[in-house]
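Here's the structure we're looking at; comments come further down.
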Amino acid sequence: MRQVFNVLERYIEDTYEIPVRIRDVPNPFTGDLDGAEIHVDYAEDIESALFIIAHLFGHTVQWNTSEAARELGYRLYPNPSDEMKKKLVEYETEACRYSMQLFHQAGIDDLDQWLSDYSACDFRFLMDAYVTGVKKPFKSFWQTPSPLLAPKAIPPFHPKKWVSRWEGIVV
């Protein structure tokens, strides 16, 4: 996982000119993005850090290509309506599909099931936290195998700083 992290980090920085910063991210967050940088908390294990940089890359693509996606990513959704759940599913799934495409572009094609399982776990964790208001242990939402994510082509974009998520939200 460390080797894959190093490959992906370098690929994001060299190809998309998005710095990946390992730093102290304010609790209770594990990562942060602002549209131009990706931050990962230094206390995260390598598996979590790998998912975080890939997933936050997906959200970075969204934030730089869609005002609606950026606005969706700024807020918490306690007890979301069925309509909002549908929007959140689309938002999170798209970010994960960009993550899968990123892996493939970087030459990482043997972790599709892992990324799909991790993404599904992350979404179950997120939706439960929204509905209950409680952050349960992340791995308690792990189920395998999850349906494989289909990669989504990454559109051209130029990273632009919008706002750090900790200035907005992240669960």
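The values are calculated or read from the model by the stated rules, or taken from the named source; none is laboratory data. Predicted model only: the values in this text are computed from it and were never measured. When we count neighbours, we look across all protein chains shown, and the Cβ atoms used for this are built from the backbone with ideal geometry, even at glycine.
The table for this structure:
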read-out	value
Only listed residue being surrounded by fewer than 23 Cβ atoms within 10 Å (Cβ to Cβ) and either on the phi > 0 side of the Ramachandran plot or touching a residue at least 40 places away in the same chain (Cβ under 8 Å) (or both), chosen from Ala36, Ala43, Ala54	Ala36
Residue match in the range 119-131 (condition: under 24 Å from Glu13 (Cβ atoms) and of a type outside the set (Lys, Arg))	yes
Any hit, the range 58-72, residues being basic (Lys, Arg), part of a loop (DSSP other than H, G, I, E, B) and either buried (at least 20 other Cβ atoms within 10 Å of the Cβ) or in contact (Cβ under 8 Å) with a residue 24 or more places away in the chain (or both)	no
Given (1) touching a Lys or Arg at 6+ places or on another chain (Cβ under 7 Å); (2) modelled with pLDDT of 95 or more; (3) of a type in the set (D, E, K, R), number of the condition Asp128 does not satisfy	(2)
Residue in the range 138-161 that is at pLDDT below 95, crowded, with 18+ Cβ neighbours inside 10 Å and not aliphatic (A, V, I, L, M) present	no
Arg75 vs. criteria in contact (Cβ under 8 Å) with a residue 60 or more places away in the chain, surrounded by 14 or more Cβ atoms within 10 Å (Cβ to Cβ) and not acidic (Asp, Glu)	no
Whichever residue in the range 112-137 is closer than 19 Å to Met84 by Cβ and touching a Cys at 6+ places or on another chain (Cβ under 9 Å) and, among such residues, is surrounded by the fewest Cβ atoms within 10 Å (Cβ to Cβ)	Phe123
Residue satisfying all of: in the range 97-111; in a helix (DSSP H, G or I) and not aromatic (Phe, Trp, Tyr); surrounded by the most Cβ atoms within 10 Å (Cβ to Cβ) among these	Ser99
Counted residues, the range 138-154 - those being part of a loop (DSSP other than H, G, I, E, B), more than 17 Å from Leu111 (Cβ to Cβ) and of a type in the set (Gly, Ala, Ser)	1
Residue in the range 155-166 that is on the phi < 0 side of the Ramachandran plot, in a helix (DSSP H, G or I) and in contact (Cβ under 8 Å) with a residue 40 or more places away in the chain present	yes
Subset of the range 1-31 [buried (at least 20 other Cβ atoms within 10 Å of the Cβ), of a type in the set (Val, Ile, Thr) and part of a helix (DSSP H, G or I)]	Ile12
